[in-house]
1. Could you list 180, 16 so that the one with the fewest beta carbons within 10 Å of its beta carbon is first and the one with the most is last?
2. Given N residues in the chain, what is its alpha carbon radius of gyration divided by 2.2 N^0.38 Å?
3. Per the Kirkwood treatment, what hydrodynamic radius in Å, one decimal, follows for segment 44-140 from the mean inverse distance over all distinct Cα pairs?
4. Between residue 35 and residue 125, what length comes free when the chain is fully extended (0.36 nm per residue of separation minus the Cα-Cα distance, one decimal in nm)?
5. With label points built 7 Å along Cα→Cβ from the Cα atoms of residue 136 and residue 85, find their separation and express it in nm.
6. Just grab the label-to-label distance for residue 77 and residue 173, each label 7 Å out from Cα along the Cβ direction, in nm (one decimal).
7. Say R0 is 30 Å: what FRET efficiency, to the nearest 0.05, do residue 113 and residue 11 get from their beta-carbon distance?
8. Return the whole-Å distance between the Cα centroid of segment 123-143 and the Cα centroid of segment 150-188.
């Protein structure tokens, strides 16, 4: 499965300067897939990116790449536009955090009777928590763990890395339109 994950995330992994961190990102994905009971990469490509609203076929892998590219775009826009960026932005952490922000969904979601639903593990701990625990098991920096935990509602009002702010914004920029479409609030 690592080979397929490296291919799916290859463009982003190639941008990372810290190749050991890039390798750990893939290892976390592979381990979470195994722990979640997913047998192969093709199964990962069928998991909807959310259970909260219809996804119109957008899967977890596509969502993960889109969020990471979006967050990276915000970071690069600031770096290339601001005369002086008022804080340090670690692009490797943007990429690693983006690729890992929803990795806990591999344990939070299960397929049963042909449909996707929240697993028992997902009922016990939402994906930001299980994803951060998985990252910690692989000795990823505390900053990456913070990004994973804080990308969703668990991060509201909490101290956050700037990279996590970018990922949060990119994540909700991809999630909110799906919710708005479902409610008839998206103008199309």
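1. 180, 16
2. 0.99
3. Working: mean 1/r = 0.0672 Å⁻¹.
Mean inverse Cα-Cα distance, inverted, gives 14.9 Å.
4. Length gained, residue 35 through residue 125: 31.0 nm.
5. Those two pseudo-labels are separated by 2.8 nm.
6. For residue 77 paired with residue 173, the spin-label model returns 0.5 nm.
7. Working from the Cβ atoms, E equals 0.25.
8. 19
Any read-out appearing in this document is the output of simple, stated calculations on the displayed coordinates, not a laboratory observation. For clarity, every value in this text was computed on a predicted model and none was experimentally measured. Cβ sites come from the backbone with ideal geometry, for glycine too, and all protein chains shown count toward neighbours.
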